[in-house]
Amino acid sequence: MPGAIVIGAGPGIGTSVARRFAREGLAVTVLARSRPTVDRALAALAQAPGETLGLTVDVTDEARLRAALDEAVDRFGTPEVVVYNAALIQSDVPGELTAGQHLEAWAVNVVGAITAIAHLAPAMIEAGEGTILLTGGMPEPNPEVTSLSLGKAGVRALAELLARAYEPGGVHVATVTVAGAVAPGSAFDPDAIAEEYWRLHAQPAGSWERQVLYGPRPAPPGVEAAG
């Protein structure tokens with residue numbers, strides 16, 4: 001089976017998405033910054049029917065990121081699905097971070113996605129199919145998490161740019177914008193969120209969505225919002 005590459009395979013959405021795609025028989029490569037995180041993700045895939053590969057990589061290290069992606073392609077071929085879920089999540093108000101700290105956050109939240117996707121997309125376009133999914137968030141900017149708010153706004157803009165560039169070549173690009181804190185058993189359960197990634201991947205051409213908002217939606221006028 002063709003493969004899926006999940007970049008940012010942490011214990012929340014990343015691992016759940018990897019497990020969801022592995023359940024369908026896809027070979028899955030998980031990438032994360034630390035070896036313990038990679039090993040936990042691989043353990044979660046232990047019962048999957050397909051092959052798995054785990055690689056450590058800092059997405060701000062361009063050379064290492066490209067090398068890791070090449071290793072995944074060498075092992076499983078051109079991926080059918082690429083998921084970018086890496087993010088630098090931290091509390092910071094406007095003016096708290098230095099310029100260098102903002103650049104570091106932007107490098108993880110946005111530039112790593114550009115590097116990874118632009119590296120893999122040409123072969124996907126040559127194959128005439130594939131799906132690129134990015135984890136969004138912060139649908140409303142929050143000054144308590146300034147760098148992440150800026151990063152997720154950048155992810156949404158990037159997804160639109162990539163969709164315009166790659167969809168004519170047969171590659172579906174979309175974001176799943178998660179509007180709350182992810183936790184098992186909550187309204188933002190990572191396994192439930194992972195179903196949205198699979199649903200987007202399974203959409204036929206002509207019915208592609210570019211953005212899914214996962215979370216509460218405003219109630220119609222005159223109707224009290226739930227919760």
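The values are calculated or read from the model by the stated rules, or taken from the named source; none is laboratory data. A quick note: this is a predicted structure, and the numbers were derived from the prediction, not measured. To get the accessible areas, we keep the full protein, side chains included, count just its heavy atoms, and leave off ligands, DNA and RNA. Shrake-Rupley method; radii C 1.70, N 1.55, O 1.52, S 1.80 Å.
General remarks:
- Computed 3J(HN,Hα) for region 83-97, one whole-Hz value per residue from the Karplus formula 6.51 cos²θ - 1.76 cosθ + 1.60 where θ = phi - 60°, is 10, 10, 10, 5, 7, 9, 9, 8, 8, 7, 9, x, x, 6, 8, glycine and proline marked x.
- Per-residue SASA remark: VAL57, around 10 Å² accessible (1.4 Å probe; ligands, DNA and RNA not included).
- Taking the protein heavy atoms of region 102-155 in the context of the full set of protein chains, the accessible area attributed to carbon and sulfur is 64 percent at 1.4 Å.
- Heavy-atom accessible area per residue - region 1-43, 1.4 Å, Å²: 36 Å²
- The residues of region 94-166 expose on average 46 square angstrom of accessible surface per residue, using a 1.4 Å probe on protein heavy atoms.
- If you sort ASP61, ASP74, ASP189 by accessible surface, 1.4 Å probe, largest first, the order is ASP74, ASP61, ASP189.
- Rounded accessible area of TYR84 (nearest 10 Å², 1.4 Å probe): 10 Å²
- Identified option (computed semi-axes √(5λ) of the Cα gyration tensor in Å; candidates (1) 26, 21, 18; (2) 37, 20, 15; (3) 40, 25, 18): (1)
- Averaging the sequence gap over all C-alpha pairs within less than 8 Å and six or more residues apart, then dividing by the number of residues, gives the chain a relative contact order of 19 percent.
- Taking all protein chains together and rolling a 1.4 Å probe, GLU160 ends up with roughly 60 Å² accessible.
- Close amide H partners of GLY50, meaning residues 5 or more places away or on another chain with modelled amide H under 5 Å apart, are GLY25.
- The spacing between region 1-30 and region 75-146, judged by their C-alpha centroids, is 16 Å.
- Here the sum of -39500 (n - 2.57) over DSSP H runs of 4 or more residues, divided by the residues of the chain, equals -13000 deg cm²/dmol at 222 nm, to the nearest 500.
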